[in-house]
Amino acid sequence: QVQLVESGGGLVQPGGSLRLSCAASGSIFGIYGKGWYRQAPGKQRELVASITSGDSTNYADSVKGRFTISRDNAKNTVYLQMNGLKPEDTALYYCNAMTALGVYWGQGTQVTVSS
């Protein structure tokens with residue numbers, strides 16, 4: 001089992017920045033990749049960014065150049081630095097962890113971009 005706890009969401013004005021964190025605990029040695037997803041009201045959950053154990057990264061086209069995913073292995077934490085936020089980035093952001101036994105999800109953290 002892997003437990004994931006997200007933090008760092010909040011209300012920010014357009015053009016602002018936020019950094020989301022996702023701390024993992026439990027059977028973390030089996031994790032081979034982590035990702036950030038988001039789900040806006042009435043829309044499907046979509047991939048925002050992902051990072052593998054080899055530090056390969058992948059981004060949705062809509063966030064390329066604005067968001068950066070990174071990880072701190074010593075803290076078992078993955079981050080999502082979000083710059084240049086837009087109202088359309090408003091969503092509930094989830095992190096996940098991919099293991100050989102399955103995919104685990106956190107509870108989510110709300111990001112609202114509004115003036």
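In this calculation the C-beta distance from L11 to S62 is compared with R0 = 25 Å, giving a FRET efficiency of 0.75. Phi angles across segment 85-90 convert, under the Karplus curve 6.51 cos²θ - 1.76 cosθ + 1.60 with θ = phi - 60°, into 3J(HN,Hα) values of 5, 10, x, 6, 7, 4 Hz, Gly and Pro given as x. Segment 16-32 and segment 60-115 have Cα centres lying 9 Å from one another.
Entry comment: accessible area of the chain is 53 Å² per residue, from protein heavy atoms only and a probe of 1.4 Å.
Placing pseudo-labels 7 Å out from each Cα toward the beta carbon at V103 and D72 gives an inter-label distance of 2.7 nm. With contacts taken as Cα pairs under 8 Å at a separation of at least 6 residues, the chain carries a relative contact order of 37 percent. Can you bin the chain into rounded, prolate or oblate? Criterion: square roots of the alpha carbon gyration tensor eigenvalues sorted a ≥ b ≥ c, rounded for a/c under 1.5, prolate for a/b above b/c, oblate for the rest. In terms of gyration-tensor shape, prolate. So if the hydrodynamic radius of segment 38-105 is defined as the Kirkwood radius over C-alpha pairs, what does Stokes-Einstein give as its diffusion coefficient at 37 °C and 0.692 mPa s, in µm² per second? In µm²/s, the coefficient is 250.
The values are calculated or read from the model by the stated rules, or taken from the named source; none is laboratory data. Everything numeric in this text was worked out from a predicted model, so none of it was measured. Methodologically, a virtual Cβ is constructed for each residue, glycine included, from the backbone with ideal geometry; neighbour enumeration extends over all protein chains shown. For the accessible areas, the whole protein counts, side chains as well, though only heavy atoms, and no ligand, DNA or RNA atoms are used. Shrake-Rupley method; radii C 1.70, N 1.55, O 1.52, S 1.80 Å.
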